[in-house]
Amino acid sequence: MRGGTKLTLWIRFDDAGREGFGTLDGSTITVHDGEMFGANAATGGQVALDAVRVLTPCRPSKMIALWNNFGQLAAKLGTTKPDHPLYLLKAPTSFLAHGEPIRRPAAYSGKIVYEGELAIVIGRRVSNATAADAAAAIFGYTCTNDVTAADIINETPSFAQWVRAKSFDTFGVFGPVIATGIDPLASSVRTTLNGAERQNYPLSDMFFPPVEIVSRISCDMTLEPGDIICCGTSIGVGVMKDASNRIEISIDGIGTLSNAFDQPVA
């Protein structure tokens, strides 16, 4: 995996209007220059995490989100393992960083659902990848909340509206960091709503593990550095009902993605 074998947490930030990136150790960011997915080096500077605004840890050209990729949820829904990863794309305008509010669309009053997930971060351009190529293209992993306007999906019986339901502004939440040097299949996804656990499922339950996901999808479309692939969710998905709910997605080795579900878009 391109991000290396040592656990490293990469973060992007805004420091008084200037964007930067670096590595996070505890509450201190060691600033780097260059390219996160290319040549870079520490500048010697450091900033405190609480003195900056956390940005999305990369700028994807696209976010791909899998459906029906976990055995436990498939058993609950009465589905089986698909022959190929099933996925949709979320609009880049939906992307939201750790700490920023998830907002209800002004024209939608229905159910808004959280989905805690692991996401793959691509580190190099890849197409028609072998397993070895796919492994080399994975830079690292991050947490994601695949927020969904659930009532829209089947609003039109003749056409399932997955992309519309999942692409509203603020519905593509990911971060706060990209972790390199971890084995995600040894961990679990834990989702809490206002401190109460709603999801806690093992990543080893995936039908398609990360390397196979990247290899298969790269045969459908070229993947670019910074692209995000959300690996799908499992049991425990639920509704964010009230304004100022706090939803947190935690994965060992990566950390916690925390956002409030807030008021409608003005």
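The values are calculated or read from the model by the stated rules, or taken from the named source; none is laboratory data. Everything quoted here is computed from the prediction, not taken from an experiment. Glycine also receives a Cβ, built like all others from the backbone with ideal geometry; neighbour counts cover every protein chain displayed. For the accessible areas, the whole protein counts, side chains as well, though only heavy atoms, and no ligand, DNA or RNA atoms are used. Shrake-Rupley method; radii C 1.70, N 1.55, O 1.52, S 1.80 Å.
Restricting to region 18-51, name every residue that is charged (D, E, K, R) and assigned to a strand (DSSP E or B). Spell out the reasoning first.
Within region 18-51, the subset charged (D, E, K, R) is 18-19, 25, 33, 35, 50.
ARG18, GLU19, ASP25, ASP33, listed by residue number.
Report whether or not HIS98 is in contact (Cβ under 8 Å) with a residue 12 or more places away in the chain, under 21 Å from SER204 (Cβ atoms) and either touching a His at 6+ places or on another chain (Cβ under 9 Å) or part of a loop (DSSP other than H, G, I, E, B) (or both).
On the way: in contact (Cβ under 8 Å) with a residue 12 or more places away in the chain: yes; under 21 Å from SER204 (Cβ atoms): no; either touching a His at 6+ places or on another chain (Cβ under 9 Å) or part of a loop (DSSP other than H, G, I, E, B) (or both): yes.
Taking the combined requirement at face value, the residue does not satisfy it.
Out of curiosity, is ALA106 touching a Lys or Arg at 6+ places or on another chain (Cβ under 8 Å) and of a type outside the set (D, E, K, R)? Quick ask: steps written out before the conclusion?
Details: touching a Lys or Arg at 6+ places or on another chain (Cβ under 8 Å): no; of a type outside the set (D, E, K, R): yes.
Against the criterion (touching a Lys or Arg at 6+ places or on another chain (Cβ under 8 Å) and of a type outside the set (D, E, K, R)), ALA106 does not qualify.
Confirm whether PHE70 is surrounded by 16 or more Cβ atoms within 10 Å (Cβ to Cβ), over 15 Å from the mean Cα position of the chain (by Cα) and not acidic (Asp, Glu).
For PHE70, the condition - surrounded by 16 or more Cβ atoms within 10 Å (Cβ to Cβ), over 15 Å from the mean Cα position of the chain (by Cα) and not acidic (Asp, Glu) - is met.
At pLDDT below 95 and either in contact with a strand residue (DSSP E or B) (Cβ under 8 Å, 6 or more places away or on another chain) or loosely packed, with under 13 Cβ neighbours inside 10 Å (or both): which single residue out of GLY20, GLY4 fits that description?
Only one candidate qualifies: GLY4.
Would you confirm, using the coordinates I've provided, whether THR56 is outside any loop (DSSP other than H, G, I, E, B), within 20 Å of GLY226 (Cα to Cα) and among the β-branched types (Val, Ile, Thr)?
Working: outside any loop (DSSP other than H, G, I, E, B): no; within 20 Å of GLY226 (Cα to Cα): yes; among the β-branched types (Val, Ile, Thr): yes.
Criteria not met by THR56.
Which of (1) closer than 23 Å to SER61 by Cβ; (2) free of Cβ contacts under 8 Å to residues at least 12 places away in the same chain is the odd one out, the single condition ALA41 does not satisfy?
Going through the list (1) closer than 23 Å to SER61 by Cβ; (2) free of Cβ contacts under 8 Å to residues at least 12 places away in the same chain, ALA41 breaks only (1).
For the subset of region 56-67 comprising residues that are open to solvent by 20 Å² or more (accessible area, probe 1.4 Å) and of a type outside the set (Val, Ile, Thr), which member is nearest to GLY17 (Cα to Cα)? Talk me through it step by step, then tell me what you get.
First, the residues of region 56-67 that are open to solvent by 20 Å² or more (accessible area, probe 1.4 Å): 56, 59, 61-62, 67.
If we keep only those that are of a type outside the set (Val, Ile, Thr) as well, we get 59, 61-62, 67.
Numbers: ARG59: 17, SER61: 23, LYS62: 25, TRP67: 37 Å.
The selected residue is ARG59.
Looking at region 219-233, I want the residues that are open to solvent by 10 Å² or more (accessible area, probe 1.4 Å) and have a partner that is among the hydroxyl-bearing types (Ser, Thr, Tyr) with Cβ atoms under 6 Å, at least 6 apart or on another chain. Which pairs are those?
THR222/SER127; GLU224/SER61
Taking VAL163 and the conditions (1) under 25 Å from SER94 (Cβ atoms); (2) out of contact with any Leu (no Cβ under 9 Å at 6 or more places or on another chain); (3) surrounded by fewer than 16 Cβ atoms within 10 Å (Cβ to Cβ); (4) of a type outside the set (Lys, Arg), which numbered condition does it fall short on, given that it satisfies the others?
(2)
Does SER204 satisfy the criteria of being surrounded by fewer than 19 Cβ atoms within 10 Å (Cβ to Cβ), out of contact with any strand residue (DSSP E or B) (no Cβ under 7 Å at 6 or more places or on another chain) and outside any strand (DSSP E or B)? Can you show your working first?
On the way: surrounded by fewer than 19 Cβ atoms within 10 Å (Cβ to Cβ): yes; out of contact with any strand residue (DSSP E or B) (no Cβ under 7 Å at 6 or more places or on another chain): yes; outside any strand (DSSP E or B): yes.
Here the answer is yes, as SER204 does meet what is asked.
Every residue, every condition in (1) touching a helix residue (DSSP H, G or I) at 6+ places or on another chain (Cβ under 8 Å); (2) aliphatic (A, V, I, L, M); (3) on the phi < 0 side of the Ramachandran plot; (4) touching a residue at least 12 places away in the same chain (Cβ under 8 Å), yes or no:
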position	(1), (2), (3), (4)
VAL113	yes, yes, yes, yes
VAL121	no, yes, yes, yes
ALA131	yes, yes, yes, yes
ASP146	yes, no, yes, yes
ALA150	yes, yes, yes, yes
GLN161	yes, no, yes, no
ARG164	yes, no, yes, yes
ALA179	no, yes, yes, yes
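Where in region 105-189 are there strands (runs of 3 or more DSSP E), lying wholly inside it, with at least 2 residues that are farther than 30 Å from LYS6 by Cβ? Explain how you work it out, then say what you get.
Numbers: elements: 112-114, 116-122, 138-146, 172-180.
The strands (runs of 3 or more DSSP E) meeting that bar are 112-114.
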